Amino acid sequence: MSARSLVHRPGRFAAEAAALLIAAAVAFPLYWMVLSALKPAGEVQSTHPRPWTLSPSLDSFRRVFQQQDFGRYFLNSLLVAGTVVVASALIAFLAATAVTRFRFRFRTTLLIMFLVAQMVPVEALTIPLFFLMRDFGQLNTLGSLILPHLAFSLPFAIWMLRGFVRAVPDALEEAAYIDGASRTRFLWQILFPLVFPGLVATSVFSFISTWNDFLFAKSFIISDTSQSTLPMALLVFFKPDENDWGGIMAASTVMTVPVLVFFVLVQRRLVSGLGGAVKD
C-alpha cells in the first residue's frame, strides 16, 4: 500500500491495523502453546519466561506419545467427532428440508423450540443427561458422548440449513419433477449439492464442539478409561505436587492439529457456506 493511498483512505488503514492487532491477539495463545511444548523443562518452569527458545526440544511430545492408551484416546475422539459430524449433517439436512418444503401442524412451534434449545446451557443439562444415560445403560460407552453432542448440534444445524434449503427456488424442484426426477432423486442429486456449503459450515461447529468436549467425557465415562477421549488424556499431566506444563502444552498442540487439518480441508466450502448464511 502506497503512502498516497494511506493518506486518502485513513479509514481503511485503521481497519487493517485493527484487524492485524486482533489477529495477533488471537494467534498469540496458540504461539505460546506451541512454544511451551518445544521448550525444555527448565525454561517452561522459569519465573522469567521468554517469548522464544534457543534450544527447542521434543521431550514433551515424547512424554505425550509414551502415555499409555494415548492412541486409543485419539481414535475414540476421532470416532465420536466423526460420527456426530456425519449423523448431524444428514439428520439436519432432512429435517431442514422437511420444515422448509412442507407445511404441517406445529411447524412454527417446532422452529421456535430449535431456538429455545440453543438457549439452555449445557451445564444445566449435564445431571439430567447423566441419569438418562444411566437408565439407558450407556454410561462408560462412546454412545454416552455421541448422543448428547448429536442432540446439541442438531438445533443449530437445522436452523442454519433451513436458510440454504429455502434459497433453492421452487421452480428448480418443479423442473426436476417435469423431467421425471423422483423426490428422492431431487433430494440427493440436486438439493444436497446445492446446500453442501451449509453442511460444511455446520459440520465445523459440530466437530469443534465435540472434539474439545471435556464435560461429558468427565461426567459419563466413570470407570472404563478405555472409552475416554483425548481431552481426558490431559489429566495425566496435572499432578498434585507439580503440573507438567510442557506435557500439557504438547498434548494440547496434538489436540489442535486435527482441528486445523479439518478446517484447512473445508475452508473453501466453509467461506461460501457462511457467506450464504449471511446473505440469507
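The values are calculated or read from the model by the stated rules, or taken from the named source; none is laboratory data. This is a predicted model, so every value here is computed, not measured. We place every Cβ from the backbone using ideal geometry, glycine too, and count neighbours over all the protein chains shown. Areas reflect the complete protein model, heavy atoms only, side chains present, ligands, DNA and RNA absent. Shrake-Rupley method; radii C 1.70, N 1.55, O 1.52, S 1.80 Å.
Observations on the structure shown:
- Pick from the range 213-228, criterion in a helix (DSSP H, G or I) and under 18 Å from the mean Cα position of the chain (by Cα), ranking: farthest from GLY143 (Cα to Cα): LEU215
- Filter result (under 17 Å from THR97 (Cβ atoms) and among the charged types (D, E, K, R)) within the range 133-172: ARG162, ARG166, ASP170
- Selection count where residues are of a type in the set (A, V, I, L, M), modelled with pLDDT of 90 or more and either under 19 Å from the mean Cα position of the chain (by Cα) or open to solvent by less than 50 Å² (accessible area, probe 1.4 Å) (or both), scope the range 99-143: 4
- Hits in the range 173-218 (condition: hydroxyl-bearing (Ser, Thr, Tyr) and within 21 Å of ARG103 (Cα to Cα)): TYR177, SER182, THR184
- Selected residue (only one of LYS239, LYS218 is of a type outside the set (Val, Ile, Thr), open to solvent by 40 Å² or more (accessible area, probe 1.4 Å) and modelled with pLDDT of 85 or more): LYS218
- ALA81 being open to solvent by less than 50 Å² (accessible area, probe 1.4 Å) and of a type in the set (Gly, Ala, Ser): yes
Matching residues to (1) open to solvent by less than 70 Å² (accessible area, probe 1.4 Å); (2) touching a Lys or Arg at 6+ places or on another chain (Cβ under 7 Å); (3) closer than 19 Å to PHE65 by Cα; (4) not charged (D, E, K, R):
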residue	(1), (2), (3), (4)
SER206	yes, no, no, yes
TRP211	yes, no, yes, yes
LEU234	yes, no, yes, yes
TRP245	no, no, yes, yes
ILE248	yes, no, yes, yes
ALA251	yes, no, yes, yes
PHE263	no, no, no, yes
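- Test result for THR202, open to solvent by less than 60 Å² (accessible area, probe 1.4 Å), over 20 Å from LEU94 (Cβ atoms), β-branched (Val, Ile, Thr) and out of contact with any Cys (no Cβ under 8 Å at 6 or more places or on another chain): no
- Where LEU75 falls short, out of the listed (1) open to solvent by 60 Å² or more (accessible area, probe 1.4 Å); (2) in a helix (DSSP H, G or I); (3) touching a helix residue (DSSP H, G or I) at 6+ places or on another chain (Cβ under 8 Å): (3)
- Any hit, the range 168-187, residues being in contact with a Leu (Cβ under 8 Å, 6 or more places away or on another chain), at pLDDT 90 or above and open to solvent by less than 50 Å² (accessible area, probe 1.4 Å): no
- Of all residues making up the range 175-212, the number that are aliphatic (A, V, I, L, M), without any contact (Cβ under 8 Å) to a residue 60 or more places away in the chain and closer than 27 Å to GLN138 by Cβ: 1
- Candidate set: the range 17-68, residues that are among the basic types (Lys, Arg) and assigned to a helix (DSSP H, G or I); chosen: the one least open to solvent (accessible area, probe 1.4 Å): ARG63
- Of the helices (runs of 4 or more DSSP H) that lie entirely inside the range 103-186, those containing 1 or more residues that are under 23 Å from VAL204 (Cβ atoms) and basic (Lys, Arg) span 143-167.
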